[in-house]
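Throughout, read-outs are computed from the coordinates displayed, never taken from laboratory work. Just so it is clear, the model here is predicted, and its values are computed rather than measured. In this analysis, Cβ positions are derived from the backbone assuming ideal geometry, glycine residues included, and neighbour counts consider all displayed protein chains.
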Amino acid sequence: MPTLHVLQGPDKGRVYGTGQEPAVIGRTTDQIQLTDNSASRRHAEIRPENGHWILTDLNSSNGTYLNGRRIVSPTQLKHGDQIKVGSSLMVFGGDESDDGFSTTDALGDMVELGAAGEEGESSILSAVDASEDSVILQPPETADAVAAWNVVYRIAEMMGTIEPVDAFLVRVCDLIFDHLIVDRLVMLMRKGDATDLTPVAVRLRHKVRGPRPKILTSRTIINHVLETRSGVLCANAMTDDRFSRESKQDSIHHLGLRSVMCVPVIARDVVHGVIQLDCTMSHHTYTQEQLRLAVVIGRLTGMAIENARLLESRVRHERLAAAGETVAYLSHHIRNILQGLQGGAETVELGIKRAAIETVSSGWSIVRRNLDRTLYLAANMLTFAKDRRPRIESTALNPIIEEVVALVQTRADEKGVMVLTELEELPDIPLDPHGIHQVAHNIVLNAIDATPADTGRVNIRTTFDAVRSLVLLSISDNGPGIEDAAIDRIFEAFHSSKGNAGTGLGLAAAKKIVEELHGEISVQSTIGSGTTFSVKLPTVYDPVTDTGETHRSSQ
């Protein structure tokens with residue numbers, strides 16, 4: 001059954017089965033439903049047609065891309081093709097009955113390694129070294145020049161894409177099968193640290209009814225390729241005892257003689273596997289130039305595998321380094337919170353021992369502040385670290401702002417900061433109430449911290465812009481202001497101007513939430529005159545420019 005495996009996007013890791021019926025890809029379809037906000041409601045369709053699968057764009061806003069190119073008309077799909085819909089990248093897995101590709105276990109049943117030296121074993125007619133110099137093709141002198149350079153160009157182009165190695169190998173096999181004269185093709189690769197070769201792709205030019213016949217591969221030839229790292233050109237019946245008979249031989253067609261090429265998949269002198277392709281001599285006999293082309297394909301394929309492994313290793317090390325840096329940064333902040341909790345707990349304990357209610361109250365105030373810091377840190381870490389899907393519902397903004405003011409009032413009173421509100425009457429707008437609450441809370445807390453003690457002032461204002469269909473939230477303070485160099489980094493994660501008192505996550509999380517709501521957040525500041533944060537929120541979703549799904553809360 002054809003499948004779509006999501007490599008990138010909100011649904012990364014999901015596998016969609018299409019069955020044998022047409023399937024629509026989009027956000028509101030019942031067949032292949034994506035949660036990708038940048039995909040249209042009915043974005044594209046795949047459908048079976050004359051034994052193949054066809055991809056069609058359904059007049060989507062952002063277009064449908066196949067292997068990096070936007071399609072403008074119905075296009076035939078092949079196993080391993082990459083389909084880009086919005087920000088989602090999917091790999092198409094073709095029907096096994098269409099192209100001869102199957103799972104590793106099934107492929108193992110289709111391929112058999114012949115014993116070395118057995119009767120009918122292939123003879124090596126020519127060999128080409130697979131060193132790095134072989135990647136440079138000599139100028140072809142035949143009409144195959146266009147096909148040869150096209151294959152090399154396509155593989156080089158594919159090497160620049162990011163996809164699983166197995167999917168890349170399948171695409172290479174499809175490319176060879178489409179551009180060269182091939183009846184049968186087998187790609188065998190080493191899996192991990194294993195020394196044995198395992199089939200990863202099989203292609204058959206002519207379909208057969210019933211069970212597929214086994215493809216007999218020559219162990220002698222494969223061993224020779226692995227040991228010498230050379231591509232070889234063979235004829236698989238040159239040692240057949242029928243050639244020694246004095247009687248007149250049958251035609252080549254009836255003897256079933258085959259022209260065979262076997263080349264290594266190699267990079268940095270490490271052989272990862274082999275590609276074997278053959279055709280009947282009655283149809284075609286491979287040439288030395290075609291052998292050179294096959295060797296180049298094997299070399300480029302090996303380089304792509306090596307690049308993918310190096311990229312995976314680099315990404316893994318970068319993730320570890322980033323995780324280590326994050327842990328080191330947050331552990332310092334968490335330690336300060338724990339020290340605050342410990343100090344407050346000791347004060348509470350001392351007050352209990354002395355039966356001094358004022359001491360207990362003072363200690364509990366310290367504990368409460370540090371508990372608030374813990375919740376604040378945890379909420380911002382979760383918001384920033386994971387992909388959020390806002391739960392949109394028609395919401396009044398002003399009550400959320402009033403709730404935020406009530407929450408921060410104690411902190412403002414302790415510092416002697418006035419929090420003033422000027423809330424204009426607003427229409428209900430589509431919002432994520434929890435998300436916008438976190439945005440306002442983070443900005444207001446920053447404003448309180450930025451203002452001077454006893455003379456600080458924070459102004460919160462909401463207005464409605466009917467012309468632009470926007471609700472505006474502005475939060476201003478009379479603090480010292482922010483330098484221009486710091487403003488450029490103010491929304492970066494872990495960047496804080498508060499020293500040990502700040503996590504560097506509050507404003508980064510606020511920006512992420514506002515953008516998820518298709519809004520804008522900006523900051524203006526003047527040294528000595530204070531800072532103003534402005535948040536613009538749309539009052540409606542435009543169905544032309546917005547491709548996001550409205551997720552209504554179940555609360």
Checklist outcome for this item: Which residues qualify? For THR421, with a placed amide H closer than 5 Å and at least 5 residues away or on another chain, they are ILE460
Checklist outcome for this item: Taking the square root of 5λ for each eigenvalue of the C-alpha gyration tensor of region 1-79, the equivalent ellipsoid has semi-axes, largest first and in whole angstrom, of 18, 15, 12
Item to check | Whole-Å semi-axes of the ellipsoid equivalent to region 452-491 (Cα gyration tensor, √5λ, descending) | outcome: 26, 18, 6
Checklist entry - Based on the Cβ-Cβ distance from GLN20 to LYS191, what FRET efficiency comes out when R0 is 45 Å, to the nearest 0.05? => result 0.90
Checklist entry - Using modelled backbone amide H atoms (1.01 Å from N, in-plane), which distant-in-sequence or interchain residues come within less than 5 Å of ALA267's amide H? => result HIS272
Checklist entry - Taking Cα atoms of region 420-470, Rg/Rh with Kirkwood Rh, to two decimals? => result 1.05
Item to check | Estimated inter-spin distance, ARG268 and THR374, nm [label 7 Å along Cα→Cβ] | outcome: 4.8
Next on the checklist: Let's test the formula: R0 of 35 Å, r as the Cβ-Cβ distance of SER61 and GLN524. What FRET efficiency results, to the nearest 0.05?
Outcome noted: 0.60
